[in-house]
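The values are calculated or read from the model by the stated rules, or taken from the named source; none is laboratory data. As the structure is a computational prediction, the values presented were derived from the model and not from experiment. For neighbour counting, all protein chains shown are included, and Cβ atoms are generated from backbone atoms with ideal geometry for every residue, glycine included. Ligands, DNA and RNA are stripped out before the accessible areas are found, and what is left, the full protein with its side chains, is counted by its heavy atoms. Shrake-Rupley method; radii C 1.70, N 1.55, O 1.52, S 1.80 Å.
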Amino acid sequence: MVIIGITGTLGAGKGTIVDYLISHHGFKHFSVRGFLTEIINQRGLKLNRDSMVAVANELRANHSPSYIAEQLLAQAELNGGKCIIESIRTVGEVTALKQKGGFYLFAVDADPKLRYARVVERGSETDHVSYETFIANEQREMTSTDPNKQNLAACQALADFKFDNNHSFEELYKQVEEALGKIK
């Protein structure tokens with residue numbers, strides 16, 4: 001079993017990599033966003049980034065820093081084969097997944113203004129924010145000494161492969177292919 005975890009800054013291209021791995025390499029996708037959306041909807045909360053962060057942090061605090069990733073890993077193991085767990089946000093998630101073996105962490109980043117333009121175009125429930133709010137949200141998730149809270153910077157530092165997504169889709173796909181070649 002091969003499991004690829006994907007981390008990265010907001011709007012950097014995590015979903016683009018997921019779509020590529022599904023369509024070109026037959027990976028199955030397990031989404032933190034989807035997992036949290038179900039819980040948020042069950043609780044009758046407003047679906048936005050604040051709710052996502054609050055629910056994720058609560059689940060980690062009540063269970064473990066790796067709880068969400070472990071729940072998705074359990075689903076992935078039932079399917080076997082090649083799986084993606086998106087979006088890895090805590091060091092505990094990285095550590096727990098690396099202990100399982102066959103796990104590789106991809107990190108993606110791009111220029112903040114380019115990333116903001118992408119999220120505005122994407123227009124999901126969590127993307128209707130000003131540039132200032134976008135940057136503030138990212139800063140809130142970038143570092144933390146609390147193991148139950150997001151720490152994107154530390155996750156990116158632990159990545160096995162790092163991608164620069166400041167250019168074309170083709171350039172990003174080339175980087176992904178190079179990483180996959182090293183995994184095989």
- Hey, if you drop one equal point scatterer on each alpha-carbon of the chain and run the Debye formula without solvent, what base-10 log of I(q)/I(0) do you get at q = 0.09, 0.14 Å⁻¹? -0.29, -0.74
- Item | Cross-link table Lys100/Lys184; Lys46/Lys98; Lys149/Lys182, entries beyond 27 Å C-alpha to C-alpha | Lys46/Lys98; Lys149/Lys182
- Query: Out of Ala159, Val129, Gln139, whose Cα points farthest toward the positive end of the dipole of the range 120-184 (charges: +1 Lys, Arg; -1 Asp, Glu; placed on Cβ)?
  - Reply: Ala159
- Task: Write down the accessible area per residue of the chain in Å², having rolled a 1.4 Å probe over the full set of protein chains.
- Result: 48
- Task: Might you work out the accessible area of Glu178 for me, using a 1.4 Å probe with all protein chains in place, and round it to the nearest 10 Å²?
- Result: 100
- Note on the structure: A correct Karplus calculation of ³J(HN,Hα) over the range 105-115, with 6.51 cos²θ - 1.76 cosθ + 1.60, θ = phi - 60°, whole Hz and x for Gly and Pro, returns 9, 9, 10, 10, 8, 7, 4, x, 5, 5, 4
- Can you list the residues, at least 5 places off or on another chain, whose amide H is less than 5 Å from the amide H of Gly8, using H built in the peptide plane? Val108
- So, with +1 on the Cβ of K and R and -1 on the Cβ of D and E, and no other charges, what is the size of the charge dipole of the chain about its Cα centre, to the nearest 20 debye? 300
- Query: Can you give the accessible area of Thr133, probe radius 1.4 Å, in Å² rounded to 10?
  - Reply: 60
- Query: Among the aspartates and glutamates, which have Cα under 14 Å from the Cα of Lys82 when same-chain residues fewer than 8 positions away are ignored?
  - Reply: Asp19
- Helix-derived [θ] at 222 nm for the chain: sum -39500 (n - 2.57) over DSSP H runs of at least 4, divide by residue count, nearest 500? -17500 deg cm²/dmol
- Item | Loop-located trypsin sites (Lys or Arg not before Pro) in the range 1-54 whose Cβ has at most 10 other Cβ within 10 Å (DSSP) | Lys46
